[in-house]
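Single-structure report; data block below.
The values are calculated or read from the model by the stated rules, or taken from the named source; none is laboratory data. No experiment lies behind these values; they were computed from the predicted model shown. Note that we place each Cβ from the backbone using ideal geometry, even for glycine, and neighbour counts take in every protein chain shown.
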């Protein structure tokens with residue numbers, strides 16, 4: 001078990017009062033269990049004070065609290081450099097290296113411990129450890145081409161670079177891996193690590209280029225072959241990826257590392273059935289020791305594959321087994337929690353969280369695009385242009401958007417939907433009509449898909465709502481509140497406005513008088529004819545109102561209000577199909593005034609209620625409530641709550 005350096009937290013040495021206060025503040029966070037906030041603060045402090053021992057001691061304490069051996073290793077590594085004569089730093093480094101299966105690092109640091117601390121507290125444990133790893137060292141020297149004829153320090157350099165890359169520290173890991181590649185005769189493993197650093201930074205083209213160079217010299221290198229398949233998937237080159245990954249699927253595997261790497265590759269590619277097949281092969285090979293030979297992430301991904309193939313029982317079994325060994329493994333924990341959510345609120349199983357798919361610099365560039373666009377005269381258009389330009393500049397970002405809809409986590413889905421507000425994104429329609437994501441996410445995707453023409457707005461589509469399929473009309477209008485000023489002579493406009501005001505004040509007879517005066521000036525104006533029909537209706541002169549609207553629809557068949565009036569009229573006559581025919585062209589419009597949308601929604605809801613199509617009516621009420629809840633009649637809002 002890792003040991004803290006000296007006391008729980010030493011009194012700060014020669015550091016500033018501000019640094020001392022920050023150290024104590026973060027220490028209090030750790031003691032109080034605010035680990036996420038403490039983690040962010042620790043990394044910030046390390047970046048500002050990389051040579052301050054207290055910074056690294058806080059990271060060590062975080063690693064101990066969360067049982068994160070990588071953090072313990074990383075903190076102990078730097079503490080050993082800052083305080084080379086502190087025995088606990090070196091012993092922590094030895095035992096962390098052991099748990100991380102860094103056999104050469106274990107050998108190197110355990111030997112160094114015995115040399116520097118001949119009377120150290122851990123001497124006996126170190127000797128026993130060296131004896132225990134000797135078979136692994138000999139096996140590695142015999143079977144690992146990289147270890148043959150290599151200096152121990154160079155193998156340690158490789159392992160450190162590899163560990164840093166696995167922790168996402170691309171620049172530091174790349175430097176060590178490049179140096180290891182210069183020193184070692186067998187260069188494939190360190191060059192594979194270099195390739196991964198570029199992938200972490202979002203430069204997948206560069207990562208693929210390095211992998212191809214590795215394969216040119218070492219065509220059978222399994223790690224490089226898997227990485228090649230992953231990069232092709234993430235670059236959107238699916239046909240090429242399928243060929244490469246198909247070859248891997250037929251491989252006769254024997255080593256745990258091969259299984260772990262292939263499982264990761266299938267997860268990136270979304271090859272669920274192939275992943276299950278590989279897992280079952282691993283079960284036969286490793287038996288009860290499968291939890292030892294397959295790492296937690298690989299076993300988690302096998303659980304995801306079962307869940308995506310509708311075997312939730314097996315998925316739960318695997319995820320729970322992962323958590324028994326590692327209670328802090330959030331990927332399995334969060335997927336289990338998602339399974340417990342009610343229908344309509346589940347996301348669906350995911351292999352990787354968003355940070356595995358998106359490079360940090362992509363996010364930084366997107367944030368700059370939003371920030372810069374928001375300061376322009378037309379923010380929405382400026383942001384759209386900037387985001388569209390950036391997505392086109394980054395083919396890997398463009399390729400990953402539909403992948404995130406298919407197998408990303410909830411944050412990944414939300415990320416795509418935010419991008420899709422500005423850029424036409426493939427896969428929106430399939431996602432909307434599929435089973436992944438929450439009802440809210442799929443409804444939003446459906447609206448966006450309709451906006452981009454991926455879904456026909458004039459036809460109903462089947463969406464799953466609260467676990468049940470429902471036929472829904474997807475409306476994706478650009479709504480506006482710009483004042484509607486009829487094209488009327490000034491005097492007629494005054495009479496028209498007076499009629500509108502009278503309707504608002506519930507004075508229909510007065511409204512009719514005003515509109516009739518307006519019609520003497522502009523007898524063919526469609527707005528005035530519509531206002532006459534409305535005034536007659538409010539005066540309980542329905543037959544006369546219907547006659548006005550029939551005439552209006554015949555003279556102006558594309559007039560929005562006339563079409564709605566005809567649909568309402570035919571609905572009362574139970575001619576529902578004819579009513580829908582009058583509304584159909586209105587669904588294809590892209591821009592509506594809020595008042596037009598309210599009238600269209602009212603008309604459609606009344607038609608559905610008259611036909612006792614409650615699910616369809618509720619979907620329209622829900623859409624209207626999302627857009628303009630204050631305009632929806634309370635009686636209809638009450639239906640949503642039942």
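Each residue in region 320-346 was checked for being within 17 Å of residue 441 (Cβ to Cβ) and not in a helix (DSSP H, G or I), and 6 pass. In summary, helices (runs of 4 or more DSSP H) completely within region 116-219 and bearing 2 or more residues that are farther than 19 Å from residue 103 by Cα and modelled with pLDDT of 95 or more occur at 170-183, 188-200, 204-217.
Here is a yes/no grid of residues against (1) under 30 Å from residue 485 (Cβ atoms); (2) touching a residue at least 24 places away in the same chain (Cβ under 8 Å); (3) over 36 Å from the mean Cα position of the chain (by Cα); (4) not in a helix (DSSP H, G or I):
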residue	(1), (2), (3), (4)
565	yes, yes, yes, no
570	no, no, yes, no
581	no, no, yes, no
586	yes, yes, no, no
592	yes, yes, no, yes
597	yes, yes, no, no
605	yes, yes, no, no
617	no, no, no, no
623	yes, yes, no, no
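Of all the residues in region 24-74, those that are under 21 Å from residue 167 (Cα atoms) and not in a helix (DSSP H, G or I) number 5.
Scanning region 110-142 for residues that are crowded, with 18+ Cβ neighbours inside 10 Å and either closer than 22 Å to residue 66 by Cβ or without any contact (Cβ under 8 Å) to a residue 24 or more places away in the chain (or both) turns up just one, 110. The criterion of at least 1 residues that are surrounded by 16 or more Cβ atoms within 10 Å (Cβ to Cβ) and in contact (Cβ under 8 Å) with a residue 60 or more places away in the chain is met by the following helices (runs of 4 or more DSSP H) wholly inside region 261-315: 296-308. If you go through region 541-561 and pick out every residue that is under 17 Å from residue 585 (Cα atoms) and out of contact with any helix residue (DSSP H, G or I) (no Cβ under 6 Å at 6 or more places or on another chain), you end up with 4.
The set of residues from region 174-185 being crowded, with 18+ Cβ neighbours inside 10 Å and either in contact (Cβ under 8 Å) with a residue 24 or more places away in the chain or under 33 Å from the mean Cα position of the chain (by Cα) (or both) comprises 174, 176, 177, 180, 184.
With the structure loaded, tell me whether residue 9 is modelled with pLDDT under 95 and in contact with a helix residue (DSSP H, G or I) (Cβ under 6 Å, 6 or more places away or on another chain) or whether it fails that test. Write out each step before concluding.
Details: modelled with pLDDT under 95: yes; in contact with a helix residue (DSSP H, G or I) (Cβ under 6 Å, 6 or more places away or on another chain): yes.
So residue 9 passes the test.
Scan region 347-360 for residues that are touching a residue at least 60 places away in the same chain (Cβ under 8 Å) and not in a helix (DSSP H, G or I) and the total you get is 7. If you check 517, 573 for being assigned by TED's automatic domain parsing to the domain that holds residue 609 and either surrounded by 19 or more Cβ atoms within 10 Å (Cβ to Cβ) or over 22 Å from residue 593 (Cα atoms) (or both), only one passes: 573.
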